[in-house]
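The values are calculated or read from the model by the stated rules, or taken from the named source; none is laboratory data. Every value quoted in this text rests on a predicted model; they were computed, and no experiment measured them. When the accessible area is computed, the model is the full protein with side chains, heavy atoms only, and any ligands, DNA or RNA have been set aside. Shrake-Rupley method; radii C 1.70, N 1.55, O 1.52, S 1.80 Å.
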Amino acid sequence: MTAIPRAALILGLAGLIPFLWGAATVLIPSLDSFSQDSLGPRFTGIYVLNFYGTIILAFMSGVLWGFATRAQGWTVWPGYALSVVPALWAFFMVGGGPEGSVMALIWGYGGLLVLDAIYWAMRLAPRWWLALRLPLTAIVAACLSAALL
């Protein structure tokens with residue numbers, strides 16, 4: 001693996017902010033009250049985790065689609081077909097209540113990590129990809145899990 005490009009690392013870490021905020025507002029009652037009063041319920045607790053988590057899971061389908069454009073030979077069809085799985089998962093599985101949605105997102109991000117590893121193994125993702133995705137996914141899963149406490 002090669003070093004993670006600085007821009008990818010910084011923007012990847014910045015993308016964690018809404019997850020961290022959501023988890024913090026779940027775990028710290030005074031922060032939850034402040035957030036409810038200042039930002040409203042949509043940007044607080046389990047709701048921000050669900051909204052943002054769904055958007056990013058679908059966004060990651062687009063990232064995988066971009067990787068699939070590099071595919072040649074036998075990897076073309078699986079590359080494109082697998083790239084839509086995270087978006088379809090978010091569409092069909094997220095909903096039906098906040099706790100169930102968070103659980104679906106946790107499973108969705110776990111599945112996404114498997115897909116990341118597949119694209120990496122097929123040499124469609126950059127060599128540094130898993131070095132970025134592993135810690136980001138762990139943090140996202142931890143933040144989502146906080147909503148189930």
**Prompt:** What's the carbon and sulfur percent of the chain's accessible surface, probe 1.4 angstrom, rounded to a whole number?
**Reply:** 75 percent
**Request:** Let me know the Rg and Dmax you get for the stretch 13-63 when you use only its Cα atoms, in Å.
**Result:** 11.5, 37
**Request:** Note down the relative contact order for the chain as a percent, whole number, built from C-alpha pairs under 8 angstrom at least six residues apart.
**Result:** 29 percent
**Cα gyration tensor shape of the stretch 81-149, rounded if a/c is under 1.5, else prolate or oblate by comparing a/b with b/c** = oblate
**Request:** Starting from the alpha-carbon convex hull of the chain, give the projected area averaged over all orientations, in nm².
**Result:** 8.9 nm²
